[in-house]
Structure formats: C-alpha cells, structure tokens
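Working notes for the structure below.
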Amino acid sequence: MDHRRKGLAVRYAQWVIRWRWLVLIASIAAVFAAAAGAPRLGFTNDYQVFFSDENPELNAFQALENVYTKTDTILIAVKPKDDSEKVFTPDTLEVIKGLTEESWKVPFAIRVDSLTNFQHTEAIGDDLTVADLVVDPAGMDAAALKKAEEVAVSEPALVNRLVAADGYTAGVLITLHMPGEDPMEVTQAVSHAEELVGAVRTANPDLNFAIAGIAPLSNSFPVASQTDMETLIPLMWLVLFVSMIVLLRVVTGKIGSSVLASVVMTLTVIMSAAVAMGMAGWGGIKLTPPSATAPNIILTIAIADCIHILITMYSQMRRGMNKHDALVESLRVNVSPVFLTSLTTVIGFMSLNFSDSPPFADLGNISAVGVAAAWALSMTLLPALMAILPAWVAPAVEGKMTAMDRFGDFVVNQRRKLLLSTTVIILAILAFIPTIELDDRFIEYFDHSYQIRVDTEFVTDNLTGPDILEMSVPSAGEGGISEPEYLRNLEMFANWFRTQPGVMHVNSFTDVMKRLNKSMHGDDESWYRLPNDRELAAQYLLLYELSLPYGLDLNSQINIDKSATRLSVTMESLSTTEMRALKERSEQWLVDNAPEYMQTQASGAVIMFAYISDRNIRSMLTGTVLAFLAISASLAIALKSVRLGLISIIPNLVPAGIAFGIWGMSVGVVGLAASVITATSLGLIVDATVHIMSKYNRARKEHGYDAADAIRYSFSTVGLALWVATAILVAGFAVLALSGFRLNWEMGLLTALAIAAAIVVDFLLLPPLLMLFDRSRKTNDSAARAEPVPAE
C-alpha cells in the first residue's frame with residue numbers, strides 16, 4: 001500500500017471497518033438518546049417572537065400595551081352576499097347582535113365592540129342617555145333602521161372600523177387579554193371564534209364572514225410551521241430519494257447499488273435531522289416557521305457529505321479496488337474536505353446568533369447541530385453500513401475520457417476567455433442588487449393558501465385596513481386630557497392623520513369629547529365641537545364613564561390618571577418604506593406643531609415589522625463578517641496556504657451577490673429573509689470551493705502538478721461528486737419555494753440560487769484564478785508531468 005495511505009485517516013477507516021457492528025450499534029444508540037428530546041418540541045403562536053427582547057420597537061409597543069388594553073384582537077366581518085343589500089336590515093343586524101353577545105364567551109375576551117352595542121349618546125330632555133345603538137333589530141321599522149344607519153356611517157368611532165362607509169359591511173371586534181400562562185391561549189381563543197362563525201355561517205348562508213386581527217394572525221404562525229413540516233419534508237424526501245437513485249446509477253452503473261446506497265444515505269440524513277430536532281427539544285426551543293424548516297435544510301446538507309464518500313468509493317471500485325479498500329481510500333481523501341465543509345457550514349449557521357430575530361438564531365443553532373451530526377454519522381454510521389452491506393459496480397471503460405475530463409480540458413484551454421467573460425457577466429448581474437426593495441408586510445408573509453390572508457384581504461377591501469399604528473399622546477399632567485389646549489392639538493393631529501395616504505380610520509379621544517359636547521347641548525349639530533372649559537370637559541367625561549356598561553369603558557383609550565390618551569390609526573396595507581415614512585412624518589408633526597409635552601413615538605405591530613429587515617441586516621452584518629473571516633482562515637489553515645485562502649475569497653463572496661442580482665432582475669422585492677441569506681448560504685457556497693481546492697492542493701503537493709494539470713486532476717476526481725451534490729442541494733432548497741410562508745420560500749429560492757451560482761463560479765472562474773495567481777508556486781516536484789492519477 002502507498003505510503004500516503006498510512007496516515008490517521010487510513011487507520012481510522014480500517015478501525016471502523018474492523019469494528020463495524022460496534023460502530024453501527026453505538027451510532028444508533030447515540031442518535032436515539034439525542035432524538036429522545038423531540039417530543040418536547042412545541043410551536044409558538046406569538047408573532048412577537050420574531051423580535052428580540054432588546055428590540056426598541058417591541059419595547060415601545062409593550063410599554064403602550066402595559067398602559068392601555070392589549071391589542072390582541074379578533075375581527076369578525078359580516079357582509080350580505082347580495083351586493084345590493086346593506087347590513088342595516090333586521091335580519092343582518094340580528095346576526096351581528098347575536099355574534100356580539102356570543103363573542104363575550106370567547107376565551108380571554110375582555111371587550112366586544114360592534115355597531116349594535118356602540119354606546120350612542122343622546123339628549124332626552126335635560127338628561128344624557130347612553131345606550132346600545134341597536135337594541136332590538138327585529139322590532140326596528142324603516143325609520144329606526146335609517147336612523148341607525150345615519151348615526152353609524154357618520155360616527156368617526158365606527159365608520160371604516162366597525163361599519164363600512166357605504167353601509168355594506170360591518171364588524172365585531174373582540175379584544176383579548178391573555179395571561180400568558182398557556183402557549184395554547186391564542187389557539188383556544190381563535191378556535192372558539194372560528195367555531196362560532198362556522199355555526200353562524202351555516203345558519204345564515206346568505207351572508208359572507210371573514211375572521212382577521214392580530215390573534216388569528218398569531219395563530220397562523222404555528223399553522224404555517226406544521227403545514228411546512230407535513231408537506232415539504234415528505235416532498236423533499238421524494239425529490240432527494242429519486243435524485244439520489246438516478247445520479248448514483250450514473251456513478252455505479254448498477255441500479256441495485258444506487259438504490260441500496262440511497263437507502264443508506266436516507267438513514268444517515270434522517271438520523272442527522274432526528275439528532276438536531278431532539279437536541280432542540282432538550283434545549284426547550286419553540287418552533288416557528290423559519291426554524292421549522294431546519295429538518296429540510298439538514299436533510300439536504302447531510303446528503304452532500306454522504307455523496308462525496310460514496311461516489312469516491314464506487315469510483316475506486318469501478319477501477320478495480322475491493323469494497324473495503326475503496327472505502328478506506330474514500331475516507332482518506334474525503335476526511336479533510338468533508339470536515340472542512342461541515343465546519344464552514346456550521347460557522348455560517350452559527351452566525352445567525354447575531355440576528356435580531358430569535359427564530360433565525362434558532363434555525364441557525366438547530367441546523368448547525370444537524371450539520372455536525374451529519375458529519376459525525378457520515379464518518380461512523382455510513383462507512384459501517386457500507387462495510388456490512390454488499391456493493392456492486394460496473395467496471396469502468398479503460399482509456400475513455402469522462403465528461404469531467406473533457407470539461408477540465410475546456411476550462412484549462414479557455415481560461416483567459418472564461419476569466420474575462422465570467423467577470424463581465426458577474427459584474428452585470430451584481431449591478432441589479434441596488435434595485436432590490438426591502439418590504440415586510442406581515443400579512444403578506446402568508447400566501448393565499450392560508451385563510452388568514454384571504455380573510456384579511458376581504459376585510460381590507462370591504463371594511464377596514466390590517467395595519468394599526470398606535471400612539472400614547474401625553475398631556476401636561478394628571479387629568480390633563482381635559483385641557484382645551486391638549487384637545488385642540490390632539491384634534492389637529494388626528495385630522496392631519498386623516499389626510500395621509502393610505503389612512504382608513506383614526507380613533508381619537510377627541511371624537512368622544514365632541515360627541516359628548518353635542519349631546520349635552522340637546523344634540524345640536526352646531527355643538528359638535530370640543531368643549532372650551534377644562535372643568536366642563538372633565539364633568540362630561542365623568543358622566544359618560546359612569547353611564548358605560550361593564551366591558552365598554554374607556555380604559556382602552558385613556559390611561560389611569562387621565563394624563564394621556566391613545567391614538568389608533570388604521571391603514572390599508574402600506575409598504576415598509578411608506579410605513580416608516582408615515583411614522584417619521586407623524587413624529588415630526590408633533591415636534592413642529594404641538595407642545596413639547598405631547599412629543600411621543602409611534603408603535604404597533606406594523607411598525608415593528610417595518611423596521612425588522614433593516615435592523616436585522618445591521619445586526620447580521622457583524623455575524624456575517626466574522627463568519628466570512630473564520631471561514632477564510634479555516635481554508636487557509638487547512639490548505640496550509642495563505643495564497644489559496646486569499647484566492648478563495650472571490651468564489652466565497654460572489655455567489656450570494658449573484659443570487660441577489662438575479663433576484664433584483666426577476667423579483668425586485670425581498671423581506672426579512674434577505675438579512676440572513678448571506679450568512680446561511682456562505683457555509684454551503686464554500687463546499688465546492690473546499691473540495692476543488694483540496695484536490696487541487698493535493699495534486700500540487702503530492703504529485704507535483706502545475707496549476708493547469710492540478711485543475712484537471714480536481715475535475716477528474718471530485719467534479720462529478722460536486723455536480724451531484726449541488727444538484728441535490730439546489731433541489732432540496734428549491735422545495736422550500738413551495739412553502740406558503742414568505743420567509744421560507746424566499747430563503748429557499750435565494751439559497752438555491754446562491755448554491756447554483758457557486759458551482760458555476762467554482763468551475764468557470766476559480767480555475768482561471770488559480771492558474772493566474774498560483775502558477776508560480778513551487779511544488780514538491782515541479783518538474784513532474786505525470787498523468788493525473790484518478791485513483792483519488
């Protein structure tokens with residue numbers, strides 16, 4: 001046996017073969033111990049999990065919720081199917097009234113608002129009467145119905161919030177307060193509401209119903225996670241298994257071997273994913289749509305490790321080696337590059353811990369554990385199984401050049417043209433990156449296969465918008481909300497909002513005060529204005545609060561000491577850029593037009609999502625740079641060449657840029673996924689670079705080849721395996737494009753693009769770079785010009 005075969009890798013491979021049954025049993029036992037934590041896994045249905053505890057937009061929103069009623073809501077929209085019929089009929093109002101009353105039974109409901117129980121103020125003689133706008137729908141005549149409609153469509157607190165301006169759609173708004181003791185609280189509330197609406201829908205087939213709001217949105221996140229796990233993983237298995245059989249059939253020449261090898265790889269990658277998910281369970285991680293894709297990612301990446309070991313083994317067997325010697329040789333030449341590719345992939349995924357969005361940190365940690373497990377199993381379970389199971393191959397045709405041999409000659413002979421043309425094409429593609437727009441409309445995270453998206457769009461088209469901007473506007477002190485100056489400024493601020501593009505409704509405390517002032521003056525419309533006296537305004541407010549029924553008080557609009565009020569602005573779906581601009585304009589308006597004590601910041605779920613991509617990109621910048629430096633250093637150390645480490649920078653950086661450039665040309669808009677793609681794909685992109693440069697370096701040092709022949713050697717020995725592994729990686733990540741959750745399909749497509757770009761760059765750009773910048777390097781035998789030895 002050659003002296004090169006006497007190293008540690010050879011001794012380890014021989015040890016595995018000798019003790020294959022012990023290695024197999026020990027590997028399986030370790031997998032089962034780790035995977036035992038999987039039943040501890042759970043799903044979270046809190047959309048706020050996308051934001052770290054230090055996120056300033058989250059902290060501002062939570063501070064507002066701590067002062068006023070929480071904004072977890074369920075909105076049930078009702079609209080007659082007959083487009084000519086309004087909701088102001090006895091039958092439809094009866095349905096709305098019944099829904100309103102039954103909605104109080106929804107778990108954790110603390111308030112229910114609708115046009116039927118709207119607390120309408122009316123002057124009767126010298127008395128102020130506060131009562132439901134609609135008391136007995138069945139007993140209302142045409143005049144009463146007309147009056148109710150006139151009040152509803154002219155009342156600022158109702159129109160475009162609980163009733164459409166045209167009167168054709170109405171809503172029942174349920175406000176929830178969940179103690180946070182049970183992770184299923186949101187699901188319980190939403191499920192109850194869905195059952196309620198289902199029963200009412202069955203009894204009233206002439207009406208359309210839709211369920212929207214923050215709570216149904218939150219509940220859709222675990223639904224998305226479970227849907228992806230139930231549909232994408234089986235589909236991915238089908239794609240990967242068929243791909244493995246077809247591609248390995250080319251390598252082995254025998255369908256039996258390709259099927260058996262595919263089964264072995266399947267067991268290996270299943271166990272890798274099981275270890276990762278089990279460890280996540282032991283770690284108490286709650287799955288979210290991004291982290292729920294970890295099994296798909298692990299399955300795809302784990303196959304790449306197996307592919308290199310098996311293809312090398314079968315290639316050696318086709319050249320005459322027996323199975324055990326071929327397996328030893330495969331481990332010898334692959335131990336270093338497989339470890340290095342696994343290490344760089346782990347580094348890439350671990351860099352996601354710098355993300356400002358915890359679900360991506362969870363994705364990174366779970367995937368990193370899975371990649372490490374895949375490497376360990378590919379070094380233990382896989383060779384042990386292959387040493388036990390039979391393997392058949394068709395003999396290679398002597399003297400026949402393979403496709404990779406011919407491709408290697410082409411790249412070497414056309415290196416100058418390839419260097420120039422690929423550089424020009426890459427620069428042209430990179431030029432499209434600045435055209436990409438960041439946009440995170442959180443309802444658009446779900447495609448139309450999810451009912452929340454369909455229902456929310458129905459509500460937006462017919463009643464009110466999905467996005468709510470919130471402000472707690474302070475006064476000069478305790479009781480200051482009754483000051484005429486405060487009320488005037490607040491009214492001007494609310495009116496300014498009403499003139500802004502995309503704003504559908506503004507809920508302001510000043511509307512309550514104007515309505516009270518009118519009612520206290522005999523419902524004279526000329527008195528529909530703000531009171532000019534603080535004491536009078538305070539008395540109106542006290543009288544009104546004492547008249548309100550339980551559950552319909554003003555705690556959702558006024559803080560306890562009456563020093564601040566809540567301003568809620570409902571909008572149609574605005575882009576991230578538009579939302580941030582509106583926030584900044586509103587805060588600047590207060591600076592320019594209101595007293596200093598009224599200065600405040602806008603918050604709300606929509607504001608949080610408007611800043612998440614930008615904030616996450618900034619937080620990931622450090623992680624990505626550190627990952628890149630660590631990966632580059634690892635390559636330089638492993639290859640024992642600073643020069644090769646520096647050359648590797650280009651093929652490691654360019655593919656992600658190509659992916660974004662193509663995205664800019666074809667799609668143009670990307671969301672939160674953009675902030676993590678460079679980091680997640682970096683470790684995967686490096687894989688082909690590592691294998692090519694490892695074989696290239698081996699040819700230079702061990703065989704004394706010049707740069708051109710070292711390239712030919714790399715293509716001959718590892719080229720086929722790289723194309724097979726890349727095809728599987730691209731197919732695996734492309735399956736994520738079928739996800740109905742935007743972050744997942746964007747991440748899958750962008751990663752697939754980056755991996756595809758990487759193989760092109762590594763085969764067309766990297767070799768010319770090596771022949772240009774590494775041609776003068778001295779080798780152990782620079783004069784040697786022996787033919788490349790494909791035995792490796």
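No value in this document is a laboratory result; all are computed from the given coordinates. Quick caveat: nothing in here was measured; it's all calculated off a predicted structure. Every residue, glycine as well, gets a Cβ built from its backbone with ideal geometry; the counts of neighbours run over all protein chains shown.
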Per residue convex hull volume, Cα atoms of region 179-221, in Å³ = 69 Å³
For region 54-67, just list the computed ³J(HN,Hα) in residue order, Karplus coefficients 6.51, -1.76 and 1.60, θ = phi - 60°, integers in Hz, with x standing in for Gly and Pro.
-> 8, 5, x, 5, 5, 4, 5, 5, 5, 4, 5, 5, 5, 8
Provide the per-residue ³J(HN,Hα) series for region 94-101, in order, calculated from phi with Karplus coefficients 6.51, -1.76, 1.60 and θ = phi - 60°, each as a whole number of Hz, with x at glycine and proline positions.
-> 5, 5, 5, 5, x, 4, 4, 5
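What number comes out for the charge environment of D439, summing +1 per Lys or Arg and -1 per Asp or Glu over other residues with Cβ under 14 Å away?
On the way: positive: R441, R580, R742; negative: E437, D440, E444, D467, E578, D614, E746.
Around D439, the surrounding residues sum to -4.
Nearest 20 debye, what's the magnitude of the dipole of the chain about its Cα centre given +1 on Lys and Arg Cβ and -1 on Asp and Glu Cβ? Walk me through the numbers before you get to the answer.
Working: 58 positive and 81 negative charges, 1384 e Å.
The calculation lands at about 6640 debye.
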Scan around T89 for amide H atoms under 5 Å from its own, H built in the peptide plane at 1.01 Å from N, and keep only partners 5 or more places away or cross-chain.
-> none
Within region 46-93, report the trypsin sites (Lys or Arg not before Pro) that DSSP leaves as loop and that have at most 16 other Cβ atoms within 10 Å.
-> K81
For Cα Rg over 2.2 N^0.38 Å, the listed values are (1) 1.90; (2) 1.19; (3) 1.10; which was obtained by calculation from the structure presented?
-> (2)
Search the structure for amide H atoms under 5 Å from the amide H of I110, placed 1.01 Å from N in the peptide plane, and list their residues when 5 or more places away or on another chain.
-> T175, L176, H177
For region 275-381, report the translational diffusion coefficient in µm²/s to the nearest whole number, using Stokes-Einstein at 25 °C, 0.890 mPa s, and a Kirkwood Rh over Cα pairs.
-> 166 µm²/s
Of P655, A403, M271, which is farthest along the charge dipole of the chain in the positive direction, counting Lys and Arg as +1 and Asp and Glu as -1 at C-beta?
-> A403
Radius of gyration and Dmax for region 92-179's Cα atoms, expressed in Å?
-> 13.7, 45
Considering only DSSP beta bridges where both residues belong to the chain, give the percentage that are antiparallel (nearest 5).
-> 90 percent
What angle do you read, to the nearest 10 degrees and between 0 and 90, between the alpha-carbon axis of helix 451-462 and the longest principal axis of the chain?
-> 40 degrees
In vacuum, with every alpha carbon of region 603-668 counted as one equal point scatterer, what does the Debye formula give for log10 I(q)/I(0) at q = 0.25, 0.26 Å⁻¹? Two decimals, please.
-> -1.04, -1.06
Cα→Cβ-extended label distance, 7 Å offset, between Q451 and D82, nm = 2.7 nm
Return V163, V473 ranked ascending by Cβ neighbour count within 10 Å, so the fewest neighbours appear first.
-> V473, V163
Sorted by chain and number, the residues with a modelled amide H under 5 Å from that of V669, at a separation of 5 or more or across chains, are E437
Between Y528 and I425, with labels modelled 7 Å along Cα→Cβ, what's the label distance in nm to one decimal, could you check?
-> 6.7 nm
Return the percentage of antiparallel bridges among DSSP beta bridges fully within region 467-602, rounded to the nearest 5 %.
-> 100 percent
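Can you list which of the chymotrypsin sites (Phe, Trp or Tyr not before Pro) found in region 517-589 are DSSP loop residues with at most 13 other C-beta atoms within 10 Å? Can you show the working numbers first?
Working: sites: W527, Y528, Y540, Y544, Y550, W589; in loops: Y528, Y550.
Here the sparse-neighbourhood loop sites are Y550.
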Tally Lys and Arg at +1 and Asp and Glu at -1 over the other residues with C-beta under 10 Å from the C-beta of G480: what net charge comes out?
-> -2
How much length is gained on full extension from E150 to R618, taking 0.36 nm per residue of separation minus their Cα-Cα distance?
-> 163.4 nm
Quotient of Cα radius of gyration and Kirkwood radius for region 520-668, i.e. Rg/Rh, equals 1.28
Please work out the Cα center distance from region 663-726 to region 486-542, rounded to the nearest Å.
-> 66 Å
Whole-number percent relative contact order across the chain, with pairs defined as alpha carbons under 8 Å at least 6 apart = 18 percent
Cβ under 12 Å from L381's Cβ, L381 left aside: what net charge do those residues give with Lys, Arg +1 and Asp, Glu -1?
-> 0
Treating every alpha carbon of region 467-602 as one equal point scatterer without solvent, the Debye formula yields log10 I(q)/I(0) values at q = 0.13, 0.18 Å⁻¹ of -0.56, -1.03
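Can you give the Kirkwood hydrodynamic radius for region 32-117, in Å, rounded to one decimal and based on Cα pairs?
Working: mean 1/r = 0.0576 Å⁻¹.
Taking the inverse mean of 1/r over all distinct Cα pairs, region 32-117 comes out at 17.4 Å.
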Starting at the first residue of region 625-630, write each ³J(HN,Hα) from the Karplus equation 6.51 cos²θ - 1.76 cosθ + 1.60 with θ = phi - 60°, in whole Hz, x for Gly and Pro.
-> 4, 5, 5, 4, 5, 5
